[in-house]
Structures are given as structure tokens and as C-alpha cells.
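Trainee: Below you'll find the structure I mean.
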Amino acid sequence: MRWFSEQQRARWAAVSYSFLLPSLLLASCATVSSSRKYVGSIFNSKEQDQGSKSFPALWEKRTVQFGAPFRELGINSPLSLLEVTPGRTDEFPLQIAATLLDSLLIEAGLQYYGALLKMSSEEEAEFRRAYSQRFAPEDHLLVWCELRTIWAENYLNPLRWIIFLEDDAGNQYEPERISEESSPVSPILLARLLPNQHGRGWMVQQKALMLSFPKRDIDGNSLLSKKLRFLKLTFQLKEDEETRAEGTWVFKG
């Protein structure tokens with residue numbers, strides 16, 4: 001087997017990560033309304049025919065934004081800065097963008113980056129093997145999450161949160177694995193001056209997570225089926241069950 005250059009490995013690493021795409025006082029009663037993203041059918045033949053050309057649109061369509069308030073989020077832009085004041089007790093501490101990586105989106109992404117980087121057939125095969133080995137999409141339902149906060153950094157620690165998926169039948173699934181990934185767009189830590197009475201700047205901190213959920217229920221049925229009406233992703237603070245946010249993918253109107 002041919003060995004690849006460090007430059008090629010670095011290039012693939014950057015692409016694969018992008019594809020994938022003492023605390024402050026606890027927030028008091030910071031439950032926020034569930035954000036909903038209407039995905040339509042995940043077995044859309046028209047989307048399948050478009051292939052890699054549809055990847056940016058598919059990524060945006062599979063991404064639900066919830067938690068702290070968002071501005072408009074472009075497919076090639078970092079998450080917008082939070083529009084809250086640190087220390088307020090009525091705000092959810094995280095801004096979350098979650099992307100459901102179904103098989104159609106994964107295949108479109110592999111084709112898209114293979115064409116974008118002009119990979120040879122050997123390079124594309126190696127890229128696919130590396131992605132499959134790292135995330136095992138054949139065994140897991142993958143959700144890519146971008147988290148941002150201007151609160152204490154440890155709000156980005158997934159161990160502080162109860163994270164689960166819930167389907168329309170009320171079945172709940174916890175991730176079998178949570179891996180911290182490189183930020184796909186911007187550095188892990190960003191700084192910007194936000195208006196406040198002291199004229200200080202607040203550190204905007206970011207983390208990317210890949211959530212690997214079981215792909216099948218206890219009866220062996222696929223979580224993503226034509227009968228599925230919605231999936232809801234919940235982040236609930238362990239120390240305070242009232243501090244929670246939800247994002248929902250709606251598959252049928």
C-alpha cells in the first residue's frame with residue numbers, strides 16, 4: 001500500500017473534521033422552547049439524484065439551531081456570537097447547532113470533498129475508510145454538534161449534560177460515544193468585545209462534538225425509518241433539570 005504525504009494527511013484531517021461539520025451561577029429555570037427543523041422525507045429520491053452537488057444544502061437542511069439566541073447562520077460561517085449578557089440567570093448557557101448525519105448526507109459529503117480536493121480513486125477510497133473506521137456510520141446514528149458559550153468554559157464539557165435523542169414514540173436513546181472534534185470553521189477559543197456597562201470583552205468559547213447514538217432500537221429496527229415523524233435532541237444540565245434546551249428534526253409535515 002502506498003504511503004501518503006504529511007500534507008495530504010493534514011488536508012484530509014481538516015476536511016474530515018469539517019465534514020463531519022469554578023463556574024458561574026447556574027441558570028435558573030432556563031428552559032427554552034424547542035426549535036424545530038422541517039426536514040421532510042429523509043428518503044427523498046430527488047435529493048439522492050443530486051448527489052454531491054446537494055451537500056451544502058443538505059447540511060443546512062439537516063441542521064437545527066437551539067439554546068441561546070442565534071443570528072442567521074450560513075453554511076460556511078462560524079456560529080454567530082451569543083446575544084446575551086454573561087451572569088444573567090434567565091438565559092440558557094449554550095448555543096447549539098446540531099446536524100443529523102444520515103447516510104444520504106454522509107455519502108454526499110464524501111463525494112463533495114473527493115471532488116473538491118480532486119482526490120484520486122485511491123485517495124478517495126482511503127478517505128472513506130478513515131471516515132468509516134473513525135465514526136462507524138453503519139453502526140451509529142451520528143449527530144454533529146457545535147457548542148458555543150460566553151459563560152464558564154465548563155459548560156462546554158459534555159459530562160455536565162444529560163444528552164439524549166427521543167423519537168415520536170417516546171423512546172429515548174443516550175449516545176454510546178461522545179467524541180470531541182476539531183472545530184470545522186473557527187478556532188476553539190474566540191474573543192470579541194460585546195457591549196456591556198463595564199466596557200469589557202467576554203471570551204466566546206467553542207467546542208465541536210460528534211454524538212454516536214445506537215442506530216437501532218431494542219427490537220432491532222432502524223431509528224431512521226419511513227414511519228418516523230420526528231427526532232428530538234435534548235441537552236439537560238445535570239445539576240438543574242430545569243436548565244434544558246431541545247432541537248427537533250421533523251420528517252413529515
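Please treat every number below as a calculation from the coordinates, not as lab data. Everything numeric in this text was worked out from a predicted model, so none of it was measured. Cβ atoms come from the backbone with ideal geometry, glycine included; neighbour counts cover every protein chain shown.
Trainee: Distance in nm between label sites at Glu174 and Leu159, each 7 Å beyond Cα in the beta-carbon direction?
Mentor: It is 1.5 nm.
Trainee: Search the structure for amide H atoms under 5 Å from the amide H of Leu141, placed 1.01 Å from N in the peptide plane, and list their residues when 5 or more places away or on another chain.
Mentor: Residues meeting the amide H criterion: Phe213, Lys215.
Trainee: Could I ask something else about it? Please report Glu138, Glu174, Glu146 as a ranked list, fewest other C-beta atoms within 10 angstrom at the top and most at the bottom.
Mentor: Least to most surrounded, the residues fall as Glu138, Glu174, Glu146.
Trainee: If each residue of separation counts as 0.36 nm, what is the full-extension length gain between Arg134 and Lys226 once their alpha-carbon separation is subtracted?
Mentor: 30.4 nm
Trainee: List, in the order given, every pair from Lys37/Lys226; Lys61/Lys238; Lys61/Lys232; Lys215/Lys252 whose Cα-Cα distance in the structure shown is over 27 Å.
Mentor: Cα-Cα > 27 Å for Lys61/Lys238; rest within.
Trainee: Using label points projected 7 Å from each Cα along Cα→Cβ, tell me how many nm separate Ser182 and Glu241, to one decimal.
Mentor: It works out to 4.1 nm between the two label points.
Trainee: Still on this model: So which lysines can Lys118 reach, going by Cα to Cα under 24 Å and dropping same-chain residues fewer than 8 places off?
Mentor: In chain and number order, the partners are Lys53.
Trainee: Still on this structure, I have one more. Taking Lys207 as the anchor, which aspartates and glutamates have their alpha carbon closer than 20 Å to its alpha carbon, excluding any fewer than eight residues away along the same chain?
Mentor: Output for Lys207: Glu60, Glu72, Glu83, Glu91, Glu146, Glu153, Glu174, Glu176, Glu180, Glu181, Glu246.
Trainee: Provide Val32, Val143 in ascending order of the number of other Cβ atoms located within 10 Å of each residue's Cβ, fewest first.
Mentor: Val32, Val143
Trainee: Rounding to the nearest 20 debye, state how big the charge dipole of region 212-253 is about its Cα centre with +1 on each Lys and Arg Cβ and -1 on each Asp and Glu Cβ.
Mentor: 500
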